[in-house]
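Everything below concerns the one structure shown next.
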Amino acid sequence: MSSATMVENLLLPPCEAKTFQDIDIGTGVTILSTEATARRNYNTTSPVPFVPSFKGLDFCQIKISYNPAGSTHEVGLEVWLPLTRAAWSGRYQATGGAAFRSGVGDLFFGQAVHDGYAVSSTDGGNRNEDFFDISWGLKDDKTIDWERLQIAYTTSIVDQILITKNIVANYYGETPRYSYWNGCSQAGRQGYMLAQQYPYLLDGILANAPAIGFTDLAMGDFWPQLVMKEAGLWMSSCQFDFFRQKAMEACDMSDGVSDGVISDPDICDFDPLHVVGKTYYCDGEEAEVTTTMANIVRKIEQGPTTPMKTPIWHGFSPSTSMETVGATKLTADKRLTSNPYGISSSFIKNLLLKDASFNLTSLTYTDFMALWTQATQNFSWLWDATNPNLHNLKHAKTKLLTYHGLEDTEIPYQNTLRYRKRVELVMGGANAVDEFYRVFLAPGVRHCFGGTGPEPLDPLAVLVDWVEKGEAPETMDAGTLNNDGELVTRELCAFPAKAKYMGLGDAKRASSWSCVGGTERHVEREEEFEGEEQQVLGDTQAGKILGGLRDRFEGLNLGLRIG
Ligand SMILES: [Ca+2]
């Protein structure tokens, strides 16, 4: 440690509650309690495989409890600050929630502190540990607790960011140089809400697989259950998987590579009715696909429609697993029955029907449509983040970055694309929107992570480079291990570009693929480009495609070096 750094660290105040007594965010919150503890050589343990554990972390842990402005509800906030000034990158990372929860505690804190971030999470005033239970949104007298819901889904996120910035300033003597949002699903929705309403609070927003239209999503994810109920047939996951396997057989090669990933589900024209009469094996028995089964799958792929057949929500692409929204379970007498997704069932029962013990299999299509209308009228204002006007985001120079898996089991990727296209309509077209908002679709990736396709490796780093170095991403590095344990790499493409196998070279290597069909845009001439001919190539998308070709030939290891 240099002497200058030692002096800097000596100047930091102690990691004690009194250091953080002076919280003033100007919106009238009342601090109820403050705890601060210096943690040294701390090991995090992760309860889930997709979050790594970290050893030997040093940080200041702060826990604050407060009443939001004008409310007597108690909200909890936790912040970890790298213990020394030298360990802090000057950055702040706000993390968000999942399912019905506003935050997920310290789940992502180890990675953040390890990477030099100050990091925080709110409980949104909801201490219920069950991610899929929203019975707390109903008061004892069966009326909706709007105050609690509003705190959980809007104001606590803003308080979280403002209070944490105060805490950062109290400790390091300066506010964060760069502030980021980082989250997926519910946290993705929170990120879009911040982008639409409070973009000045942040420099960059990473909001993946976002639950943008949360009301429609909660209703739409019940659709597969209703389809099965109306058809009078509850299908097993094995039966759904048979259709999924047939769709994969029909469309896997549409991208030129047989790898269990459909790169572009939009061009997969698999029709479930084509496999009627085919034999499948489930639970040790052989049976034939019926028309009823095929029609169930087709309706789920088409998505919910009004009685006039107007689509009201997206369907799921044919290669998407139905294990979440199309789940069924066995009754005591070994019959299959409904097993709806927790978000949908808890929302419909508690907040729409106000009866936690309601039997959802009694709902008819007509009932369901009426409930959807009620849901839109009562809850869209609360938690939907669908406003396409991003003028404030643009003006704040804040960047919004999203990836969405094409096999998302809970939120159809079309939800994100529909929003992006609406933004393009009101914000001056694709090129203009690309200046502050980019979307990357991840073939074969499920909800936030998992699946057969390569996952984004470090999307936050991509956002940081965009915000701090002005490097707008055209691609996003992704990777996974295939069934044979081999590393598969891919560069995800900035929408609307799609990854295309160039027909030559190892398909497991990113260099054998190119992004094609992207937004035509002027590419700044790079310094290494010299000579008139290369300047011309560098000016257009053609340069990028040729760049891909260069990578591809170099990837063949033939000793070729191009450009
Ligand atoms: Ca494929």
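The values are calculated or read from the model by the stated rules, or taken from the named source; none is laboratory data. The structure presented is a predicted model; accordingly, all values stated were derived computationally and were not measured. We place every Cβ from the backbone using ideal geometry, glycine too, and count neighbours over all the protein chains shown. Heads up: the accessible areas ignore ligands, DNA and RNA and are worked out on the full protein's heavy atoms, side chains in. Shrake-Rupley method; radii C 1.70, N 1.55, O 1.52, S 1.80 Å.
Data overview
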item	result
Selected residue (criterion: farthest from residue 53 (Cα to Cα)) from residues of region 118-134 that are in contact (Cβ under 8 Å) with a residue 60 or more places away in the chain and open to solvent by less than 50 Å² (accessible area, probe 1.4 Å)	134
Residue that is most open to solvent (accessible area, probe 1.4 Å), among those in region 18-58 that are aliphatic (A, V, I, L, M) and closer than 25 Å to residue 201 by Cα	32
Filtered residue count, region 474-486, keeping only those that are at pLDDT 95 or above, away from the ligand (no atom under 16 Å from the Cβ) and open to solvent by 10 Å² or more (accessible area, probe 1.4 Å)	4
Residue 148 crowded, with 17+ Cβ neighbours inside 10 Å, of a type outside the set (Ser, Thr, Tyr) and at pLDDT 95 or above	yes
Subset tally (residues that are assigned to a helix (DSSP H, G or I), surrounded by fewer than 20 Cβ atoms within 10 Å (Cβ to Cβ) and aliphatic (A, V, I, L, M)) for region 325-352	1
